[in-house]
Number of protein chains: 2
Amino acid sequence: MDILANQKSIRKEPTLKEEKRASFELLFSPKSVAIVGASRRKGSVGFSILKNMIDNYKGDLYAVNPKADEILGLKCYPTIKDIGKQVDLAVLILPSLAILAAFKECIDGGVKAVIVISAGFKETGKEGAALEKELAEMAQKNNIPLMGPNCLGLINTDPKVKLNASFAQRMPDEGNIAFLSQSGALCTAVLDYAKGENIGFSKFVSFGNKADIDELCFLEYLKDDPKTKAILMYVEDLVDGQAFIELAREITGEQENKKPIIAIKSGRTAQGAKAASSHTGSLAGSDSAYNAIFEQSGVIRAESLEEMFNLAIGLSSPKLPKGDRVAIVTNAGGPGIMATDACIGSGLQMPVLKPETQEELKKVLPPTANFSNPVDVIGDAFHDRYEHALRCVINDPNIDAILVILTPQAMTEIKETAQTIVDINKTTDKTIFACFMGAVDVLPGVKILEDNHIPQYRFPELAAKTLSAMVRFKKWGERSKTKVVMFKTDNAAARAIINEARQNGQRLLTVEQSLRVLQVYGFSMPVFHLAKSASEASKKAKEIGFPVAMKIVSPDIIHKLDVGGVKINLQNGKEVETEFQEMMKRVAASQPKAKVDGILIQAMGKKGREVILGMDNDPHFGPLIMFGLGGTFVEVFKDVTFRLAPIREASALGMIESIRAYSVLKGVRGQKPADIEAIKNSLLRLSQLSCELTDVVEIDINPLMVYDAGEGAHVIDARLILKS
Amino acid sequence: MDILANQKSIRKEPTLKEEKRASFELLFSPKSVAIVGASRRKGSVGFSILKNMIDNYKGDLYAVNPKADEILGLKCYPTIKDIGKQVDLAVLILPSLAILAAFKECIDGGVKAVIVISAGFKETGKEGAALEKELAEMAQKNNIPLMGPNCLGLINTDPKVKLNASFAQRMPDEGNIAFLSQSGALCTAVLDYAKGENIGFSKFVSFGNKADIDELCFLEYLKDDPKTKAILMYVEDLVDGQAFIELAREITGEQENKKPIIAIKSGRTAQGAKAASSHTGSLAGSDSAYNAIFEQSGVIRAESLEEMFNLAIGLSSPKLPKGDRVAIVTNAGGPGIMATDACIGSGLQMPVLKPETQEELKKVLPPTANFSNPVDVIGDAFHDRYEHALRCVINDPNIDAILVILTPQAMTEIKETAQTIVDINKTTDKTIFACFMGAVDVLPGVKILEDNHIPQYRFPELAAKTLSAMVRFKKWGERSKTKVVMFKTDNAAARAIINEARQNGQRLLTVEQSLRVLQVYGFSMPVFHLAKSASEASKKAKEIGFPVAMKIVSPDIIHKLDVGGVKINLQNGKEVETEFQEMMKRVAASQPKAKVDGILIQAMGKKGREVILGMDNDPHFGPLIMFGLGGTFVEVFKDVTFRLAPIREASALGMIESIRAYSVLKGVRGQKPADIEAIKNSLLRLSQLSCELTDVVEIDINPLMVYDAGEGAHVIDARLILKS
């Protein structure tokens, strides 16, 4: 079975089908909506949605309830068909067992798009899952985009539409952030939090069980939505890793209006993942796979809602900093130091201001002020001193972004200082962040800042972290774009080796078979021969040249070292001959039932820097490529990184550069750099192999011995495992 | 010069002198206060403090201002002496140049304690520093505790006193948290933040320049203060590391009413430290030293104000969890998963609930609920379902703490659920945390929780982090207490080696001298001899037994390897003789001017696990002991830890256990454990050496070769450097 094809089949709809796209847009901007299951019982979902619609919606609204004449002053129809007018969107709030019939009516009534709010589907077990499958098939057959089931609904704050097809307690303010959530209950907390923090939304979507349309459909829509500047996602699983990477890359780093995506993927820990699978009934991939997917698609992964919104406030603002050089202007020394720590700790630079800038500052600030960076305007500063300092700092060519810190001291002019920041912000294309510290007295200033879209944080640490994310996002958009490289390989030869192993009933390829497969895929390695007898071993060793290494060749032995099946540094034919006998004896004593093909005689390469390459087949997403430093402490420091195959050149380089031991590869203390190009090509070959030979589910290349730049890299040992 | 004595001299007053203690308490609870420099100018510091005092203070209040008859209805005296009654505390708000005279008047007028609010001292440069020194000497000579200068003042919320001797904009609510700050401006932000978050304080202190009394005096006072349950500190430097450790250990882990201390030490990064030194004019020690000090004293280091207060909310609450086993009760699946991730990620356990507990839960919760852990009571839960779930979970013996999560859904009874939590909390000694997610609709519930001292967090991540800190704090208080071990050593012999080196004009001890010093201090090592000629070398090698190692012995060569001054594995006398000549030639070619004492002939020990021990003399705090894993990647992974000398047995063990590579020492994959006891003793001996031989400012033991448990550890190479 081919994994790429397999991935295709996991994904129901790789992108929105052309014939569905127009209908999909009606989910957000319908001209007419029917609430099926509208209820007059206060507090019920059917009542709440109807009320939200009546209170907000600008289009034609119909209520469907066979048992009522009118609710909240709106006439009720017994069925959708009875409405007798075009209904763009139907929202179904009925017991799960009544949903299929209602959906059928929607089809018959010419409804274009449907939201199923009701729960009672996949999340409740087998029967629910069957019901959901039937629903999904009906939607797909009829090209009707279906959102849900088991969701809170959907909100579009566009004043021309004002659609609140949800049972949320409140209508959020208009804003430029879109929020997508796989959890409905979380949405209620997010809306309440956003209200308190004055955060608005462009679109707000609780997409539920994803029976038909999923996160990819919504991302594709939001990609072009002019009202959306940043996209937030809470997900418990992704339907298709590679499709997500392609689409998200386009949104975050390729298209003209690049939009940041900030995602929370819950179930990071094993126990969290278990809780998630009992919650949604879906098996998500490993957390390493999600990290890889987000890394490859430029998606910023947040660990908490708080972090997500803190990042969003900065990343949805119109001005990305041109670089990472920050100046701090503060009226308090302590917070200035804390902010400095936070900026440096977040990977930002804090250059000393130019002498000219410092001279300008001295003209107005008192002599006890600090003129370097952080600039301390001192506790008794009125707004005019802030203004002077800000103007000076903005003119400094060494500065890309300014963080203005204010503590509410006796002389502090909170509102005036906020207004000063707003005014100066209009005159510059540099990024200005504010940090008015406190929660009560500073509020009037905070309001002015928020109303004028100046990113404002209560604490400098949050501002620094966000600025740093903005710098990284900018760099991501500007990085050089690379493609997936395909090497010419004799695919058939590799398949032949695997087929042969299959016919032998092997799942584990021997070291000899493994090396041969890798050789076909263009990996370099020391010369090797399989010897079946002591004399053959000695003869082959002489041909290869001494010293040699000897390794047991068996499809039944996974850890050769543990059974005494590896010996290095043999110096002559005699030693080889003797060792052949002894190794055979040791292995037979340790694993008497193991089938043994012979002993591998391998040239001893020179010593280089050891790295590990690997592949694990994620059951949900397919082959995941691993790279890390080799040697004794691999398991201690877990200095490894993952990417979903196929990987691009830039990803391969990114893998190499992202491990902490990269400095060892670059060369420490006068050492020459290692052959990074050879590692990169090895990763790309491994990626290609993983995508092509889909029978292979696990690969370990340990070690890949890397030599100095220009001298290549050698596979010393390897192990391939086939699908069971 | 002796460093311990040196440390003593850094510390002005190791503890409060007995004769000063009674006066010190008057800072917080004076029966009468004089405001010297009271002003009628609104917005001025002299006005603000007087107003704060008038509005709050319960004792006798006097204003001193020679130019006014009365301010805010209070009679003004021209000088302190004119008051004619006992003044316990004087608060001075005058230009810095007028402070000395005013302080003199305080002495003459029998004032018991003084706060100097005014700035213009050490922080402004040399002249200010001289003024400050004079002020401090005057205070110390007269046994008058002096707080400041350059501070915001001091607040005691005790309703019997209600002292607000500060120019803060507001009087904080009463609470059980004490706050100490070296930054005055930060205090204004903290008070404003605390107001917004409904956090109260017992004492609130901006202690300024620490001319006389410092953080240690305040800690000693707060140690016994019955109103204070937790202590928060913002510091830019500490005056005395070892004194701080001793006192803070007593507060956090020794005394009966253990109190958590949470500290922010700003200037973490090099640039932050530079900003701090230009702010306070004081040179703080290295950040590694501060980490060591906090680690050794049980102080929790916070990275931000937000983290500090989040931790304080939990740590000041009366119930510490008995263990680390948490149950989550939630009405929302998504947040339940996020909370699970956060708990596991913070090092907490989330055990599966007992079958009996799950049975009990099933009696009331709907079938679609989750009965394991997290317990999901489902979105339509009223408060009674929370109540049932909470009662069940509390009775589970596998659970130590419960985190209750609420999202504001349509059916959610926010206030009733909060009240339920409050009621149940009264019936149990298990720790209950709440996480009502949101910022507006949830507020009525949050208020009920806060009024009843249930720790409440907006986000589960913050709650999990705090619970984890509480568990660690509990464990710290219960740990086995150990002492500083002193080994019997021939101190004089070690000093003789150092004196000899001194007389030779050496700062760098040769490898031979270094090994001899360590030998005196009881370190084990392979046999070695210093050979002055090739024939002596060969003779000594034969005595030692082959193979041997050879190392150049020179006080001028710091990196022996770089000059070809190390050779290992020499097999016979011939090889040694030849190598002697060659090494001498190589070294002479590479460093012709280096004085060479000869070549060290050293037995080759067997291979073990390599660790590094070291000592660096922190200019502010004295000897800092370092421990880490040795080998190639030391510099990449920086897997090292520090403690301030002298260290206790528990600290030595703590160092060993805290490095990430500890698993390697414990033994991975069937390997025997290393001789941890031998490492511990080596660390204790190193600590003793560092405290006794105070002429030594740097020690490197690299590697210490550690053998399997019971087989000891050998110093293979070492380097000592003397004070210049």
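The values are calculated or read from the model by the stated rules, or taken from the named source; none is laboratory data. Here the structure is a predicted model, which means the values were calculated and not measured. Cβ coordinates were reconstructed from backbone atoms using ideal geometry, including for glycine residues, and neighbour counts include every protein chain displayed.
Structural remarks
- Where A:Q86 falls short, out of the listed (1) more than 14 Å from A:N142 (Cβ to Cβ); (2) over 37 Å from the mean Cα position of the chain (by Cα); (3) free of Cβ contacts under 8 Å to residues at least 40 places away in the same chain: (3)
- Number of residues in segment A:463-482 that are within 14 Å of another protein chain (Cβ to nearest Cβ) and either buried (at least 24 other Cβ atoms within 10 Å of the Cβ) or of a type outside the set (G, A, S) (or both) equals 4.
- Filtered residues of segment A:422-462 (kept if more than 17 Å from A:I313 (Cα to Cα) and away from chain B (no Cβ under 14 Å)): A:D423, A:I424, A:K426, A:T427, A:T428, A:D429
- Among the residues of segment A:351-364, those identified as away from every other protein chain (no Cβ under 14 Å) and surrounded by 13 or more Cβ atoms within 10 Å (Cβ to Cβ) are A:K354, A:T357, A:E360, A:L361, A:K362, A:V364.
- Of the residues in segment A:110-120, at least one is surrounded by fewer than 20 Cβ atoms within 10 Å (Cβ to Cβ), more than 14 Å from chain B (Cβ to nearest Cβ), at pLDDT 95 or above and not in a helix (DSSP H, G or I).
- Sole residue being in the same structural domain as A:V45 (by TED's automatic domain parsing), more than 15 Å from A:L305 (Cα to Cα) and under 21 Å from the mean Cα position of the chain (by Cα), chosen from A:S183, A:S206, A:S202: A:S206
- Residue within segment A:180-199 that is more than 14 Å from chain B (Cβ to nearest Cβ) and either at negative phi or out of contact with any Ser or Thr (no Cβ under 8 Å at 6 or more places or on another chain) (or both) present: no
- Residue, farthest from the other protein chains (Cβ to nearest Cβ), within segment B:392-421, restricted to residues that are more than 37 Å from the chain's Cα centre (by Cα) and β-branched (V, I, T): B:T420
- Here A:I601, A:I625 are screened, and the one residue that is touching a residue at least 24 places away in the same chain (Cβ under 8 Å), under 30 Å from B:I659 (Cα atoms) and in contact with a Lys or Arg (Cβ under 8 Å, 6 or more places away or on another chain) is A:I625.
- Residues within segment A:448-489 that are of a type in the set (G, A, S) and part of a loop (DSSP other than H, G, I, E, B), tallied: 1
- When B:G608, B:G670 are checked against the criterion of being among the small types (G, A, S), surrounded by fewer than 21 Cβ atoms within 10 Å (Cβ to Cβ), out of contact with any helix residue (DSSP H, G or I) (no Cβ under 8 Å at 6 or more places or on another chain) and touching a residue at least 60 places away in the same chain (Cβ under 8 Å), B:G608 stands alone in meeting it.
- Annotation for segment B:355-363: no member residue is in the same structural domain as B:L462 (by TED's automatic domain parsing), over 19 Å from B:I454 (Cα atoms) and assigned to a loop (DSSP other than H, G, I, E, B).
- Candidate set: segment A:531-569, residues that are over 15 Å from A:E512 (Cα atoms) and of a type in the set (S, T, N, Q); chosen: the one nearest to the chain's Cα centre (by Cα): A:N569
- Close pairs from segment A:23-43: first within 14 Å of another protein chain (Cβ to nearest Cβ), partner part of a helix (DSSP H, G or I) and not aromatic (F, W, Y), Cβ under 9 Å, at least 6 apart: A:S39/A:V45; A:S39/A:G46; A:S39/A:S48; A:S39/A:I49; A:S39/A:L50; A:K42/A:S48; A:K42/A:K51
- Flag for B:R669 being of a type in the set (D, E, K, R) and either farther than 20 Å from B:A292 by Cβ or not assigned by TED's automatic domain parsing to the domain that holds B:L720 (or both): yes
- Condition check for B:T269: surrounded by fewer than 23 Cβ atoms within 10 Å (Cβ to Cβ), in the same structural domain as B:K141 (by TED's automatic domain parsing) and at pLDDT 95 or above: no
- With respect to being crowded, with 20+ Cβ neighbours inside 10 Å and either assigned to a strand (DSSP E or B) or in contact with a helix residue (DSSP H, G or I) (Cβ under 7 Å, 6 or more places away or on another chain) (or both), A:A90 fits the description.
- Selected residue (only one of A:V553, A:V596, A:V636, A:V587 is within 14 Å of another protein chain (Cβ to nearest Cβ) and β-branched (V, I, T)): A:V636
- When we screen B:A381, B:A389 for residues that are more than 13 Å from every other protein chain (Cβ to nearest Cβ), among the small types (G, A, S) and buried (at least 24 other Cβ atoms within 10 Å of the Cβ), the only hit is B:A389.
- Residue within segment B:260-276 that is touching a Phe, Trp or Tyr at 6+ places or on another chain (Cβ under 7 Å), among the basic types (K, R) and more than 8 Å from chain A (Cβ to nearest Cβ) present: yes
- Among the candidates A:M138, A:M147, residue that is touching a helix residue (DSSP H, G or I) at 6+ places or on another chain (Cβ under 7 Å), buried (at least 24 other Cβ atoms within 10 Å of the Cβ), outside the structural domain of A:P444 (by TED's automatic domain parsing) and not β-branched (V, I, T): A:M147
- Checking B:I199 against (1) in contact (Cβ under 8 Å) with a residue 60 or more places away in the chain; (2) buried (at least 23 other Cβ atoms within 10 Å of the Cβ), the condition it does not meet: (2)
- Being in contact with a strand residue (DSSP E or B) (Cβ under 9 Å, 6 or more places away or on another chain), modelled with pLDDT of 95 or more, among the hydrophobic types (A, V, I, L, M, F, W, C) and closer than 21 Å to A:R586 by Cα is a property that holds for A:V548.
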